[in-house]
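The values are calculated or read from the model by the stated rules, or taken from the named source; none is laboratory data. Model, not experiment: these values are computed from the prediction. Cβ coordinates were reconstructed from backbone atoms using ideal geometry, including for glycine residues, and neighbour counts include every protein chain displayed. All accessible areas refer to the heavy atoms of the entire protein, side chains included, with ligands and DNA or RNA removed. Shrake-Rupley method; radii C 1.70, N 1.55, O 1.52, S 1.80 Å.
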Amino acid sequence: MDEDEIEKAVVAYLKKKGFKQTELAFQEEQQLNNNNNNNNSANSQIDPDITKKILSFSEFETGPERYQEEYSKLRSWAYSSLDLYKHELLRVLYPVFIHCFMELVAKGHLQEARAFFNSYREDHEMTHLRDLQKLEGVLSPSHLEEMEFAHSIRMSKVNIKMCQYSYDLLLQYLHKSESITMLGIINERINFQVSPGQPGSISDDAEVVTLVASGHDASLINQKEVHWGLLEDSLEERIEKTGGSVPDAEKFDGDPKEGEVEENKKKSVEGGKQGAPLKKLKKDKVGVATGKSSRTESSTVTTAPRVKPELALPAIPAEVELSILEDLRNRVQLSNASLPSVSFYTFVNTHNGLNCASISHDGSLVAGGFSDSSLKVWDMAKLGQQTGPSILQGETDSSSNEHGLGSNGGKRCYTLLQGHSGPVYSASFSPYGDFLLSSSSDSTIRLWSTRLNANLVCYKGHNYPVWDVQFSPAGHYFASSSHDRTARIWSMDRIQPLRIMAGHLSDVDCVQWHANCNYIATGSSDKTVRLWDVQSGDCVRIFIGHRGMILSLAMSSDGRYMASGDEDGTVMMWDLSSGRCITPLVGHSSCVWSLAFSGEGSLLASGSADCTVKLWDVTTSTKAPLKEENKSGSNNRLRSLKTLPTKATPVYALRFSRRNLLFAAGAFSKSA
């Protein structure tokens, strides 16, 4: 074949790619070679294989049909490969599929791109439905830049883990089949993390492909040290030092404290809102476990290291401290053989208006945030004072000035708190129940006094809806998360945030404090969880592995473990010190909206949109993988102790009291 033809093909390719300096260098080199080889040009011959490879670049670059053809061949090859390596090779298909689609769009082949997308989307809907729904909106090259999700994918590499042999098989196929287009995409868009030995387990698939990358950043960040222990001189430590023993008579006198609350919850509660029929709240008793006994603090708490607080923490009032110590002394020890009693609050007749629910630490107060911008608080101790007929009638007026409990002739059995100008998305009680925080789509956070039934402060700082707000375990400080992709740390006495945590690539949907108040965790729509140091504002951990947006977080009582729940129903348990996923907890069939660890950290409760509460054995889940590190990961998923179904009530909120009674809340849904 003529050398001039090959030279033209190479120059055309370099021009097309915009490699100007390489093009100039190549032309200079060709001129030197031509001058040197004028006398012996007859002896210069080019290997036909090399010629074929060079020309293939120029021939195949132009046609959009190459994407469809080569991807189809790669897909068929991956599905027909040996079972031992198939699951690793199939990991390549999704990122290649996404980038083929986006390259077709970028080159202006919109019809071909849409046909390609529709042809193969079914392969990936099971695990990547949310991503596909977002990319469906990419209809022109400009959308690739304007759409944040698409832009972030094109600007970063995908990380894929596979064994050496699978990697060699893939390269061998790409070269033998001359899949130049696929080879280019894989080289440019995928970062392989190749490991020696046998292929990994299929159960690890959630962690091996991270589409919106920052994989290198995550590995660097996760090397930072995390001090996960409990605070020095905490109340738990005092109980431990004193032995936690109290006379039997004192235990008997103390126990009815929650029993009375549970008895009060048998009454119906109205959940009405302006201009709508009454709503009521009723207790739906889910399950009671027997054989529980009072004991001192669990060994999981006592063995935790002690750390110093990074924030100036408020002093605990003496009477509150005594009450908490009494609760801790009378805490019921839970285990896989001794499950908690559950008290369930059901909101009815909410007409899909309830967005969130929150329960105080002792279960005596329940708050609901509504779409009509109202916040309503029920006091369980006062429900018994209401008469049946007056609760159920006469709440169709829309008076806006009735903030007091039992106003309007005693008919109202809740406290109505008004101030927000948009739907209320989150509510959080202070540790002692004297304050309540709420966040809204109006981009503000409001602090309410449960004693005065009044708004005290309006905190402004976020620019978009605030999805979640949570009081710290010590009170005074709180954290918020927003659509503006940031989380912020606040204190009650300042109207401006103390820290702004920025780094997530999408909405920050939920936030949770660490037990020692030195860290907060944030869950995002970018499918990652981040751990932040509240003093420096730095990200110290990135947890990658979820396939859907993260909707709920919980920290263990000793501060070592964290649980996260996503929209697909998966719960993941993480070790904060290593940043690794200990075990995925699989069982829910819909969004996990709430998570809560028991007081001593032996159990995890999860509440879901599938209308169930599940109890998980944390002790087994965290210890088993250490023994089975080198085995296939299927066994470590089966950690569910019990599933507690509701009639038709998605679970919005969970809370373990200090005595280990589990409270739950949700809105009855006919569609559920």
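Checking each residue in the range 130-151 for being closer than 20 Å to R547 by Cα, in contact with a helix residue (DSSP H, G or I) (Cβ under 9 Å, 6 or more places away or on another chain) and open to solvent by 70 Å² or more (accessible area, probe 1.4 Å) picks out only E136. Among the residues of the range 493-525 satisfying the criterion of being within 14 Å of Y561 (Cα to Cα) and within 18 Å of the chain's Cα centre (by Cα), which is surrounded by the most Cβ atoms within 10 Å (Cβ to Cβ)? Filtering the range 493-525 for residues that are within 14 Å of Y561 (Cα to Cα) and within 18 Å of the chain's Cα centre (by Cα), the one surrounded by the most Cβ atoms within 10 Å (Cβ to Cβ) comes out as I520.
A Cβ distance below 6 Å, combined with a sequence gap of six or more or placement on separate chains, defines the contacts here; from the range 114-128, residues that are closer than 14 Å to R91 by Cβ and open to solvent by less than 40 Å² (accessible area, probe 1.4 Å) reach no residue that is at pLDDT below 85 and part of a helix (DSSP H, G or I). Pairing each residue of the range 516-533 that is part of a loop (DSSP other than H, G, I, E, B) with any residue that is of a type in the set (G, A, S), provided the two are 6+ apart or on different chains, yields C-beta distances under 6 Å for N516/G559; C517/S472; C517/A474; S525/S506; D526/S506. Filter the range 65-105 for residues that are closer than 14 Å to S166 by Cβ and touching a strand residue (DSSP E or B) at 6+ places or on another chain (Cβ under 8 Å); which is most open to solvent (accessible area, probe 1.4 Å)? Among those that are closer than 14 Å to S166 by Cβ and touching a strand residue (DSSP E or B) at 6+ places or on another chain (Cβ under 8 Å), it is Y85. Listed conditions (1) modelled with pLDDT of 95 or more; (2) polar (S, T, N, Q); (3) touching a Pro at 6+ places or on another chain (Cβ under 6 Å) are all met by N636, apart from (1). Which of the residues belonging to the range 360-376 are open to solvent by 10 Å² or more (accessible area, probe 1.4 Å) and either under 17 Å from F435 (Cβ atoms) or in contact with a helix residue (DSSP H, G or I) (Cβ under 6 Å, 6 or more places away or on another chain) (or both)? Correct list: H361, D362, S364, L365. Inside the range 328-347, residues that are out of contact with any Gly (no Cβ under 8 Å at 6 or more places or on another chain) and assigned to a helix (DSSP H, G or I) make up a count of 0. The residues of the range 526-535 that are acidic (D, E) and surrounded by 24 or more Cβ atoms within 10 Å (Cβ to Cβ) amount to a single one, D526.
Select from the range 212-234 the residues that are modelled with pLDDT of 50 or more, within 21 Å of H546 (Cα to Cα) and not in a helix (DSSP H, G or I) and list them in ascending order. Within the range 212-234, N222, Q223 meet the criteria.
The set of residues in the range 366-398 being in a helix (DSSP H, G or I) and either polar (S, T, N, Q) or modelled with pLDDT under 60 (or both) consists of Q385, G388, P389, S390, I391, L392. Just one of the listed residues (A357, A304) is more than 27 Å from S426 (Cα to Cα), of a type in the set (G, A, S) and buried (at least 22 other Cβ atoms within 10 Å of the Cβ), namely A304.
Counting only strands (runs of 3 or more DSSP E) wholly contained in the range 417-461, no element carries 2 or more residues that are among the basic types (K, R), without any contact (Cβ under 8 Å) to a residue 60 or more places away in the chain and open to solvent by less than 10 Å² (accessible area, probe 1.4 Å). A single member of L89, L82 is hydrophobic (A, V, I, L, M, F, W, C) and farther than 27 Å from G569 by Cα, and it is L82.
Please work out which residue is farthest from the chain's Cα centre (by Cα), limiting yourself to the range 123-173 and to residues that are in a strand (DSSP E or B) and hydrophobic (A, V, I, L, M, F, W, C). Only one residue tops the list, namely C163.
Is one or more of the residues making up the range 325-334 modelled with pLDDT under 85, in contact with a Ser or Thr (Cβ under 9 Å, 6 or more places away or on another chain) and open to solvent by 30 Å² or more (accessible area, probe 1.4 Å)? No, every residue in the range 325-334 fails to be modelled with pLDDT under 85, in contact with a Ser or Thr (Cβ under 9 Å, 6 or more places away or on another chain) and open to solvent by 30 Å² or more (accessible area, probe 1.4 Å). Counting only residues that are more than 16 Å from Q535 (Cα to Cα) and surrounded by fewer than 22 Cβ atoms within 10 Å (Cβ to Cβ), the range 475-485 holds 4 of them. Within the range 110-127, not a single residue is within 25 Å of L171 (Cα to Cα), in the same structural domain as L144 (by the TED database) and of a type in the set (V, I, T).
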